[in-house]
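Below is one structure, written out as structure tokens; comments come after it.
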Amino acid sequence: MSVPTTLPIYQMREHVVFPHMVFPLFVNAERVGVIEEAMQRDHQIGLALCGLEQNCSFGALNPIGTLCEIRQMVRLPDGGAKVIVEGTSRIRLVAAVQETPWLLAQIEILEDEPCSGLVAEALVQSVNALLKIALAYGRPLPADVIQMIDQIDTPGRLADLVAVYLGLEFSVQQKVLETLDPLERLKEVYLHLTTEVQKLQVHGEVQSEVTKRLGKTQKEYLLREQMKQIQEELGDEDPRQSELNELRRQVGEAGMPDHVRQIADKELSRLERINPASPEYTVARTYLEYLCQVPWRTGTQDNLDIGHAEKVLDEDHYGLKKIKERVLEHLAVRSLKADTKGPIICFVGPPGVGKTSLGRSIARAMGRKFIRISLGGMKDEAEIRGHRRTYIGALPGRIIREICRAEADNPVFMLDEVDKIGQDFRGDPASALLEVLDPEQNFSFTDHYLDVPYDLSRVMFIATANILDPIPHALRDRMEVISLPGYSEEEKLRIAFDYLIDKQQEENGLSGYHLGLTEDTIRCLIRDYTREAGVRGLERHIASLCRKVAKQIVQKGDTPLTINRETLSQLLGPRRFFSSVAEEEDRIGVATGLAWTEAGGDIIFVEATRMEGKGILTLTGSLGEVMQESARAALSFVRAQASDFGIDPAIFASQDIHIHVPSGAIPKDGPSAGVTMATALVSLFTGRAARRDVAMTGELTLSGRILPVGGIKEKVLAARRAGVTTILLPAKNMEHLEEVDPPLVKNLKIFFVEDIPSIIHVALLAVPDGKAGRRASRPGDAVPFSSPV
């Protein structure tokens, strides 16, 4: 049959027709004209792939197409037609002859080059082998196609036939169509066929494994049923039924509330219907076990004897009257009203003052179980509320788990380090604690795992923190905050002799030995080797002395080791702290201030100096933003009131001022050093030395008012430790001093001041002869504090 050089071209959208392939075309009424044109041209038409959705021009067609012969054309009612075509050979579209109303193009016939040899035979055999493997794995192929493949030995034709039945994407089929070299075409098909066989192999292996497991499950089921029948004949109980009966007994004895019992019974009924081999069985069983472990109505009997509680608290801790009084108040209320809610208390204080051990002592005094969890670094909300049961390895939160371990619904529950809770993408544990620590909500606390309300109102929650600032306001508002400011030297002395020495002797095997530690030795240990609000460092040094005594006993028998003030440096090394106030001289421009830190109170020194310059203020010593603002406010006040202090106002314009707070590596912030900075500046410009044994604190405003500050007790204790003899406090802090025990202020002179002149009058020495300013400063009204002792 002759082939014309010009043919009508039908544009294919998502199908590729290969030579020797019979393919049905469904042509709509708009495009049926090109088919009719082909019928008039000896039933021959060209098919070419177009990637565009519509309006496909000659330039958008793939250059390699297929010459087809129309075998049949059937008209459809909608004006379109169904056309059966058979591919005969490849063609190349050379040029467009006509584009409307249909496309006519000049073509070139592309015949396969004959190829033979070992490579061709090997490829043909390999493809045939892979096809048989694919058939073995279940790849469906028509029977006539299988016969055709066995009869075809031409590489090009075999490649076309396999490409049709591989189910490749039409873009890959077009690539095969455009491969004119028969060997290269067969290689391309061979690669795709290899990939298909590998997929079939994996699928077959997976299917085989699934079938094997199903068979094993069925086998186990049959064996289990047979075993069940045998046990019934022998009168033995089924292990699974025994487990279910045990769970049913535990549910009945758990004392659950009615709404929880309904959920447990429903879960138990569901468990009976689940196959024990199913993962759901383990999840449901574990859930029921936790429901049974929770102490729904089980608690310890409170010891309401106030005298006993007071005795226990005094045995374990010295001082801390406010906290002990609060515990005794709670016991008194419990005696009058049995169903009172548990208090929610927060102990705030520096490290080592006994916050954590105090919680254990309270539990012992009340006869309750004690639970402690550390919240430091906790970042996952699920640690508080638990995980939902949909997760693998889900568990209740720490609150419920610890109560289950305690086997009581009214323990003393300590939440340690509540100020160090973290926060990240997993949630905010501090927010989860809002429900736990709210008496109006915690009677129906819902753990995500249990998913039933649990009453926490009988639990006595005690939180501990070093500082309050990091605690969210909403959480802080739910707790009764009790401050533990730290211990004075006398209190540490009592604690050492009443508690620490005996404890360390027992822990180091020296219970029967006399250490010979005198009051003077312990006082030296407190002053020269520790400087802390608590007693943790003091206990470590006493433990070190006990170990040295133990070593002496082991090496030299019972030869006593002399421990006194003189031998401390030989045993513990040189002294580590010095009385920085008592051992220093009064200086111009250096004032002593009082500061509050996480470790309790401390003293700071504010140094001011001046030099020729342009009135520039320099601040150093790792000062925070608030402290820098206090320094600027102090300088502005001194400049504004320069005449009243006897200072030449013009001197500020020609002098640069530098304010430094020593210990520059330690960050410092807060407004309470304002009066100290102003005092240092007045001392600097008047030439009057500041007394080093006078310490002060207070926030200074631009108008000269002195505002109250916090941490008064901690600052008073710090002044005592540093050897300060006189303390200047804001007048509005007079009521706060009442919280300080009278013995702590017995040897201190305390003045309450309202303005800077009052401070200058007490803190600065008299003007040296011949160096007086233009006018002496006006003495202020410093109100002395009279100790009731």
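The table for this structure:
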{"read-out": "Pick from segment 638-680, criterion open to solvent by 50 Å² or more (accessible area, probe 1.4 Å) and under 20 Å from residue 754 (Cβ atoms), ranking: nearest to the chain's Cα centre (by Cα)", "value": "640"}
{"read-out": "Some residue of segment 286-295 being closer than 30 Å to residue 494 by Cα, of a type in the set (D, E, K, R) and either outside any loop (DSSP other than H, G, I, E, B) or open to solvent by 30 Å² or more (accessible area, probe 1.4 Å) (or both)", "value": "no"}
{"read-out": "Test for residue 631: is it open to solvent by 60 Å² or more (accessible area, probe 1.4 Å) and aliphatic (A, V, I, L, M)", "value": "no"}
{"read-out": "Positions within segment 416-447 being among the small types (Gly, Ala, Ser) and assigned to a loop (DSSP other than H, G, I, E, B), in sequence order", "value": "422"}
{"read-out": "Test for residue 426: is it modelled with pLDDT under 90, among the basic types (Lys, Arg) and crowded, with 17+ Cβ neighbours inside 10 Å", "value": "no"}
{"read-out": "Some residue of segment 693-716 being within 21 Å of residue 644 (Cα to Cα), among the charged types (D, E, K, R), part of a strand (DSSP E or B) and open to solvent by 20 Å² or more (accessible area, probe 1.4 Å)", "value": "yes"}
{"read-out": "Options 636, 622; residue that is on the phi > 0 side of the Ramachandran plot and touching a residue at least 40 places away in the same chain (Cβ under 8 Å)", "value": "622"}
{"read-out": "Restricting segment 477-528 to residues that are farther than 30 Å from residue 322 by Cβ and of a type in the set (S, T, N, Q), the residue that is least open to solvent (accessible area, probe 1.4 Å)", "value": "521"}
{"read-out": "Matching residues in segment 602-637 - criterion: being outside any strand (DSSP E or B), modelled with pLDDT of 90 or more and over 48 Å from the mean Cα position of the chain (by Cα)", "value": "none"}
{"read-out": "Residue within segment 392-415 that is outside any loop (DSSP other than H, G, I, E, B), over 30 Å from residue 301 (Cβ atoms) and open to solvent by less than 20 Å² (accessible area, probe 1.4 Å) present", "value": "no"}
{"read-out": "Residue that is most open to solvent (accessible area, probe 1.4 Å), among those in segment 96-120 that are more than 17 Å from residue 155 (Cβ to Cβ) and among the charged types (D, E, K, R)", "value": "99"}
{"read-out": "Meets criteria (at pLDDT 85 or above and either within 16 Å of residue 700 (Cα to Cα) or assigned to a helix (DSSP H, G or I) (or both)) for residue 593", "value": "yes"}
{"read-out": "Meets criteria (of a type in the set (D, E, K, R) and in contact with a strand residue (DSSP E or B) (Cβ under 8 Å, 6 or more places away or on another chain)) for residue 407", "value": "no"}
{"read-out": "Unmet requirement for residue 458, which otherwise passes all of (1) assigned to a helix (DSSP H, G or I); (2) surrounded by 15 or more Cβ atoms within 10 Å (Cβ to Cβ); (3) of a type in the set (Lys, Arg)", "value": "(1)"}
{"read-out": "Test: residue in segment 529-540 that is over 24 Å from residue 489 (Cα atoms), among the aromatic types (Phe, Trp, Tyr) and either open to solvent by 30 Å² or more (accessible area, probe 1.4 Å) or out of contact with any Asp or Glu (no Cβ under 8 Å at 6 or more places or on another chain) (or both)", "value": "no"}
{"read-out": "In segment 734-750, residue surrounded by the most Cβ atoms within 10 Å (Cβ to Cβ) [restricted to those that are touching a Phe, Trp or Tyr at 6+ places or on another chain (Cβ under 9 Å) and touching a residue at least 40 places away in the same chain (Cβ under 8 Å)]", "value": "745"}
{"read-out": "Any pair with Cβ under 6 angstrom, 6 or more apart, that starts in segment 420-444 at a residue that is in contact (Cβ under 8 Å) with a residue 60 or more places away in the chain and ends at one that is of a type in the set (A, V, I, L, M, F, W, C) and surrounded by 17 or more Cβ atoms within 10 Å (Cβ to Cβ)", "value": "437/344; 437/461"}
{"read-out": "Hey, residue 22 open to solvent by 80 Å² or more (accessible area, probe 1.4 Å) and of a type in the set (A, V, I, L, M) or not", "value": "yes"}
{"read-out": "When residues of segment 317-327 are limited to those that are over 23 Å from residue 436 (Cβ atoms) and out of contact with any Leu (no Cβ under 8 Å at 6 or more places or on another chain), the one modelled with the highest pLDDT", "value": "325"}
{"read-out": "Output for segment 253-264, where each listed residue is open to solvent by 50 Å² or more (accessible area, probe 1.4 Å) and either touching a residue at least 60 places away in the same chain (Cβ under 8 Å) or more than 19 Å from residue 446 (Cα to Cα) (or both)", "value": "253, 259, 263"}
{"read-out": "Any hit, segment 379-389, residues being assigned to a helix (DSSP H, G or I), surrounded by fewer than 22 Cβ atoms within 10 Å (Cβ to Cβ) and acidic (Asp, Glu)", "value": "yes"}
{"read-out": "Any strands (runs of 3 or more DSSP E) falling wholly within segment 1-96 and containing at least 1 residues that are modelled with pLDDT under 85, within 30 Å of residue 162 (Cβ to Cβ) and in contact with a His (Cβ under 6 Å, 6 or more places away or on another chain)", "value": "none"}
{"read-out": "Which listed residue is more than 30 Å from residue 253 (Cβ to Cβ), open to solvent by 50 Å² or more (accessible area, probe 1.4 Å), at pLDDT 85 or above and of a type outside the set (D, E, K, R), from 358, 375, 336", "value": "336"}
{"read-out": "Where residue 543 falls short, out of the listed (1) assigned to a helix (DSSP H, G or I); (2) of a type outside the set (Val, Ile, Thr); (3) open to solvent by 90 Å² or more (accessible area, probe 1.4 Å)", "value": "(3)"}
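This table checks each residue for (1) open to solvent by 70 Å² or more (accessible area, probe 1.4 Å); (2) in a helix (DSSP H, G or I); (3) in contact with a helix residue (DSSP H, G or I) (Cβ under 6 Å, 6 or more places away or on another chain); (4) not aromatic (Phe, Trp, Tyr).
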{"residue": "211", "(1), (2), (3), (4)": "yes, yes, no, yes"}
{"residue": "216", "(1), (2), (3), (4)": "yes, yes, no, yes"}
{"residue": "223", "(1), (2), (3), (4)": "yes, yes, no, yes"}
{"residue": "233", "(1), (2), (3), (4)": "yes, yes, no, yes"}
{"residue": "240", "(1), (2), (3), (4)": "no, yes, no, yes"}
{"residue": "246", "(1), (2), (3), (4)": "yes, yes, no, yes"}
{"residue": "251", "(1), (2), (3), (4)": "no, yes, yes, yes"}
{"residue": "266", "(1), (2), (3), (4)": "yes, yes, no, yes"}
{"residue": "307", "(1), (2), (3), (4)": "no, yes, no, yes"}
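Residues checked against (1) open to solvent by less than 30 Å² (accessible area, probe 1.4 Å); (2) touching a residue at least 12 places away in the same chain (Cβ under 8 Å); (3) within 27 Å of residue 159 (Cβ to Cβ):
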{"position": "27", "(1), (2), (3)": "yes, yes, no"}
{"position": "36", "(1), (2), (3)": "no, no, no"}
{"position": "41", "(1), (2), (3)": "no, yes, no"}
{"position": "74", "(1), (2), (3)": "no, no, no"}
{"position": "83", "(1), (2), (3)": "yes, yes, yes"}
{"position": "89", "(1), (2), (3)": "yes, yes, yes"}
{"position": "94", "(1), (2), (3)": "no, yes, yes"}
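The values are calculated or read from the model by the stated rules, or taken from the named source; none is laboratory data. Just so it is clear, the structure is predicted and the values come from calculations on it, not from any experiment. Positions of Cβ are backbone-derived with ideal geometry, glycine not excepted, and every protein chain shown enters the neighbour counts. Accessible surface is based on the protein model in full, side chains and every heavy atom, while ligands, DNA and RNA are left aside. Shrake-Rupley method; radii C 1.70, N 1.55, O 1.52, S 1.80 Å.
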